[in-house]
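Undergrad: First the structure, which I've put down as structure tokens, then a few questions once you've had a look.
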Amino acid sequence: MGLTQFPRFVFAAEIIRDTYNGWNQADQDQFTNFLLNVVYGRAQAVCHSCPEATTGQNVGLSNWATLGTMLRMSIAVYTDNQAYFYAAVADYQHLIEASFDPSGRFMETCRGPGDNGLNYEGGGDMPHTNLGMMGLVATGLSSYLCN
């Protein structure tokens, strides 16, 4: 399952957990442990894989970073983990500041020295712009509704 789909998997799990009586507690606990012990660390690594060269922030400016932050936020909400929630909010705030120019326009690219190909591709074409925006919008909505 790709990074773009995994947050939806967590969203669905939350709906199932809250509306379906057939998902037993042992299976829910196993899913929670999988999210916390396998998925979260990988999502965090994706978010921090390409540091922004000019500000020194520890969040990469990439579609991967926005989707990784969305995944981390969905895990934080699902597991009711406040530390993970506020870590995702902090990364989200940096991504918002870095994704728009001072006039509020979505920046076309944020490539820096040593670009490894993962840096922000928003504006290059519509699918890549949508990937970046999807992560920003979903994370912002989750942080607003769950704070």
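Undergrad: Within the set of other residues whose C-beta is less than 12 Å from the C-beta of LEU71, count the net charge using Lys and Arg as +1 and Asp and Glu as -1. Let's see the in-between values first.
TA: Numbers: positive: ARG8, ARG42, ARG72; negative: ASP91.
With Lys, Arg at +1 and Asp, Glu at -1, the neighbours total +2.
Undergrad: Measure off 7 Å from each Cα along the Cα-to-Cβ vector at ILE16 and ARG42, then give the distance between these two points in nanometres to one decimal.
TA: Result for the modelled spin labels: 1.7 nm.
Undergrad: Report the Cα centroid-to-centroid distance between the stretch 14-37 and the stretch 72-92 in angstrom, as an integer.
TA: First find each Cα centre; the distance between them is then 18 Å.
Each value in this text was obtained by applying a stated rule to the coordinates, not by laboratory testing. Being a predicted model, the structure only gives us computed values, none of them experimental. Heads up, the Cβs are rebuilt from the backbone with ideal geometry, glycines too, and the neighbour counts pull from every protein chain shown.
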